[in-house]
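So the structure is just underneath, and the comments pick up after that.
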Amino acid sequence: MGAKTFNGGIYPPGFKELTCSKEITPANEPEQVLIPLSQHIGAPCKPIVKRRDTVKIGQKIGESAGFVSSTIHASISGTVKEIKPVSGFGQCIVIENDGKQEMDPSVKPNPNPENLSLDEMRNIILEAGIVGLGGAMFPSHVKFAPPEDKPIDEVILNGGECEPYLTADHRVMLEKPDRIIAGLKYIMKIVKCNRGSIGVEDNKMDAVEALRKAAAGSDNIEVVALKAKYPQGGEKQLIEACTGREVPSGGLPMDVGIVVNNVGTAIAVADAIENGTPLIQRVVTVTGNGIKNPANYLARIGTPIRELIEQSGGYTGRIGKLISGGPLMGAALYSDMVPVTKGTSGILALEHSSLDRAEERECVRCAKCVDVCPIGLEPTTIMTYSKMGEWDLANENHVFDCIECGSCSFMCPSRIPLIQHIAHAKNMISQKEREEKEKAAEA
């Protein structure tokens, strides 16, 4: 039987050979960190420290500001220098390292994690500031509290890592498979389900075997080999491939009885429940033809990415694009003095000479974008309505179902930036809805 997959998708060059064999290396301890108050979907947290305060590693420095929010913690010991805005990252707490590496007393092992109640485990996850490490950064304690009318019968861990260049999850699966299984079991217990699975693309069969070995003896956990295809790591595509279930338009995985988490998130859950460790570091792939020595680093949250690049030997030459994440769904960066966040899976530096600068041409109606769309949308139709400012028509064509994976733009022979037009339509529709609500409230 062949590897499982989903409808649509593309096969971009992977470039994973740059780092897939590089073991995770501890990043150099930064002299200063910039820790954003918002590293999650939902309300930014509130700072509970002030300038000149002394902090220790693991100390809570930001309190969640609502149910859909998350806490943040000091990733180094030192002194709070200031709280200031950083473009693109909002308010950040700046901490200068004192070199003492002192742990906060709150970080201590739980002697009997197996005796914790479900609410106690959810609270530990909340207090540890755990969010989705695959990039979405959705607060995990919220995901682990589904409504009573939406029972969960399966937890799926996402080990797809389909984005080109990135290998952080691959290395985590190879080096820490036991911790992934431990985290999966805790998540299954919290959401009260008896079945778990881990989806891994079949270009990472060494990770599949490592996880199967770690899960041996657990009959209710399956490691599923998935066809290496982009965007296999998308929640809906992962669910379709692993279970055959289809998340409805506008719906969530819990609507089909599923909770999805990243493999790195599972490790963070296990570390918090067993060791009392908050989320203060993560694995980051530093890669691309613009990096002298690509590598995978275990980096403190808030580390300026320039320091990781310098640890990798620096740039090879003139850089044309610097990206947080991968080339298809990542975000372009304006500077390398921005921080590593909980959602930073990779830093990609591309040489100026290697960038595709072909000009946009007229649509040739080839329908390649329709063929590869993993959601089954018509990207050109939505693009046309976006250009025309026909927001209602764009909405009627399910613009919000688009996961912005970039498959359509990648395949377009006319080099049309379809995703930019679709994202613009989403923003305009959301703005229109906000304005209508404000008018209704004033009436």
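None of the figures in this text is laboratory data; all of them are computed from the coordinates on show. Small disclaimer: the values here were computed from a predicted structure and weren't measured. Using ideal geometry, Cβ is built from the backbone for each residue, glycine included, and neighbour counts are taken over all protein chains shown.
For the chain, Cys20, Cys45, Cys92, Cys162, Cys193, Cys242, Cys363, Cys366, Cys373, Cys402, Cys405, Cys412 have no disulfide-compatible partner, since no other Cys C-beta lies under 4.7 Å from theirs.
For the stretch 224-283 versus the stretch 54-91, the inter-centroid distance based on Cα atoms is 26 Å. For the residue pairs Lys176/Lys342; Lys192/Lys227; Lys16/Lys292; Lys4/Lys342; Lys84/Lys432; Lys342/Lys387, alpha carbon separations beyond 25 Å are given by Lys192/Lys227; Lys4/Lys342; Lys84/Lys432; Lys342/Lys387.
Per DSSP H run of n ≥ 4, the term is -39500 (n - 2.57); total these for the chain, divide by its residue number, and report the mean residue ellipticity at 222 nm rounded to 500 deg cm²/dmol.
Values: 13 runs with 126 residues, N = 443.
Here the helix-only value at 222 nm equals -8500 deg cm²/dmol.
Amide H contacts for Ile198 (H built 1.01 Å from N in the peptide plane; partners 5 or more residues away or on another chain; cut-off under 5 Å): Leu157, Glu222, Val223, Val224. Quick one: which of Lys50/Lys108; Lys50/Lys100; Lys185/Lys213 span more than 22 angstrom between C-alpha atoms? Pairs exceeding the cut-off: Lys50/Lys108. With an a/c value of 1.5 or above and a/b not larger than b/c for the gyration tensor axes a ≥ b ≥ c computed over the alpha-carbon atoms, the stretch 87-127 is described as oblate. Couplings 3J(HN,Hα) for the stretch 278-283, derived from phi with the Karplus relation 6.51 cos²θ - 1.76 cosθ + 1.60 (θ = phi - 60°), are x, 7, 10, 7, 7, 8 Hz, where x marks Gly and Pro. Here the Karplus relation 6.51 cos²θ - 1.76 cosθ + 1.60, evaluated at θ = phi - 60°, turns the backbone of the stretch 297-305 into coupling constants of 10, 8, 10, 5, 4, x, 5, x, 5 Hz, with x for every Gly and Pro.
How high is the relative contact order of the stretch 368-442, given as a whole-number percent (alpha carbon pairs under 8 Å, six or more residues apart)? Display every interim value, and only then the final one.
Values: 76 pairs, mean separation 24.8, N = 75.
Rounded, it is 33 percent for the stretch 368-442.
In the neighborhood of Glu390, defined by Cβ-to-Cβ distances under 15 Å, what is the net charge if each Lys or Arg adds +1 and each Asp or Glu adds -1? Kindly include the intermediate steps, with their values, before the conclusion.
On the way: positive: Lys387, Lys426, Lys432; negative: Glu378, Asp392, Glu396.
Surrounding charge for Glu390 is 0.
The alpha-carbon of Lys60 sits under 12 angstrom from the alpha-carbons of these aspartates and glutamates, leaving out residues fewer than 8 places away in its chain: Asp104, Glu127. Using a Gaussian network model of the chain in which every pair of alpha carbons under 10 angstrom is joined by a spring, one finds that among Ser69, Ser409, Ser117 the greatest mean-square fluctuation is at Ser117. Taking the chain as a Gaussian network of alpha-carbon nodes connected by springs under 10 Å, the highest mean-square fluctuation of the residues Met137, Met254, Met388 belongs to Met388. Between rounded, prolate and oblate, where does the chain land on the alpha carbon gyration tensor, with a ≥ b ≥ c its root eigenvalues, rounded for a/c under 1.5, else prolate if a/b exceeds b/c? Rounded is the answer for the chain, as its axis ratio a/c remains below 1.5.
Name the shape class, rounded, prolate or oblate, that the alpha-carbon gyration tensor gives for the stretch 368-442, where a ≥ b ≥ c are the square roots of its eigenvalues, rounded holds for a/c under 1.5, and otherwise prolate holds if a/b is larger than b/c and oblate otherwise.
Working: a/c = 2.76, a/b = 2.40, b/c = 1.15.
In terms of gyration-tensor shape, prolate.
By the count of neighbouring beta-carbon atoms within 10 Å, fewest first, Val68, Val286 end up ordered Val68, Val286.
Sparse packing (at most 14 other Cβ atoms within 10 Å of the Cβ) combined with a DSSP loop state is found for none of the GluC sites (Glu not before Pro) in the stretch 280-356.
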